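Contents: one structure, followed by commentary.
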Amino acid sequence: ELVTAFDAMSAELALGRARLAQAERVAAWREVARRLAHEIKNPLTPIAMSVETLRDAKEAGRADFGEIFDESTRAIGEEVRRLKKIVDEFGRFARLPPPERAPAAPEELVQAVLALFPEPPAGVTLRREVEPGLPRVHADRDQVLQVLLNLVRNALEALGTRGGAVTVSAQGLAEGLVAITVADTGPGVAAEDLAKLFEPYFTTKEGGTGLGLAIARRIAEEHGGALEYTGSGRGAAFTLTLPVAEEAAKAG
């Protein structure tokens, strides 16, 4: 009877966890949908205003209609491009394929992302710091490079014209994980923004979609790893942790 009761309790707990996970997913997607609707609504306002301006100018027979036409259509074009960017990013977020994982060397991942920036902006130094002898990680190389590329781009944008340094480093952790960190010497992240960094559609960048870090964290979690903000003091730092490949774990 005790075993039967224990099995029943275990089944109820598993069902409860499954329902909770489902409720959390529904709530998360509702929030994403709400934010997406808000982001799409923003460009629609200037588009509608530009169309109305064009109609009024045409009906009034304005002598400067050509100038108004150029200005209004330019504004409409910019907002349409912004809408397309939002929709494209959302599509990537919603249709992110499951990772196709294979053993990958951390030093090669670091070198590959830095190779994408053969000529950094003026006044910016790109640094590589990789702990020797790191085990290979179990990762989808393309998806991990997508995460690192996003982090390096963000770091370069944070430096702007002031210059500074961006460091991509890799080191082993005791828990069978490898950490890859992208750090910069920029202004860092405001304290009030820390809790919202990885929320979909949160951004402090002009023209940003706010999905880059959300996609990056999702990739990390689907790899059995994590993506966290690890900056302290001056500058920003983001650390991607990935599990060691099974063969390396057994060897260790």
Nearest 10 degrees, 0 to 90: helix 65-94 Cα axis against the chain principal axis: 10
Binned Cα-Cα distance frequencies in the range 32-187 - 5 Å width, integer %: 1, 8, 12, 12, 11, 12, 12, 9, 7, 6, 4, 3, 2, 1, 0
Per-residue ellipticity at 222 nm attributable to helices in the chain (runs of n ≥ 4 DSSP H, -39500 (n - 2.57) apiece, nearest 500 deg cm²/dmol) works out to -18500 deg cm²/dmol
Applying a 10 Å radius around every beta-carbon, put 57-65, 2-10 in order of their mean neighbour count, most first. 57-65, 2-10
How far is helix 212-222 tilted, in degrees, relative to the longest principal axis of the Cα atoms in the chain, given as a value from 0 to 90 rounded to the nearest 10? 20
Accessible area of the chain with a 1.4 Å probe: how many percent of it is carbon plus sulfur? 55
Which FRET efficiency value, to the nearest 0.05, do you get for A37 and R74 by plugging their Cβ-Cβ distance into 1/(1 + (r/R0)^6) with R0 = 25 Å? 0.45
I need the calculated FRET efficiency for the pair A18 and A226, taking r as the beta carbon distance and R₀ as 22 Å, to the nearest 0.05. 0.45
Looking at the chain only, what percent of DSSP beta bridges run antiparallel? Nearest 5 please. 75
Quick check on packing: order 148-159, 116-127, 183-194 by the mean number of other C-beta atoms within 10 Å, highest mean leading. 148-159, 183-194, 116-127
Using the Cα atoms of the range 153-239 to build a convex hull, what is its mean projected area in square nanometres? 6.1
For F6 and T161 in one chain, what is 0.36 nm times their gap in residues minus the Cα-Cα distance, to one decimal in nm? 49.4 nm
Which angle from 0 to 90°, rounded to the nearest 10, does the C-alpha axis of helix 141-159 make with the longest principal axis of the chain? 50
Between T53 and F202, take the C-beta separation as r, use R0 = 41 Å, and let me know the FRET efficiency to the nearest 0.05. 0.80
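The values are calculated or read from the model by the stated rules, or taken from the named source; none is laboratory data. For clarity, every value in this text was computed on a predicted model and none was experimentally measured. As a convention, Cβ positions derive from the backbone with ideal geometry for all residues, glycine included, and neighbour counts pool all protein chains shown. With ligands, DNA and RNA removed, areas are computed over all heavy atoms of the protein, side chains included. Shrake-Rupley method; radii C 1.70, N 1.55, O 1.52, S 1.80 Å.
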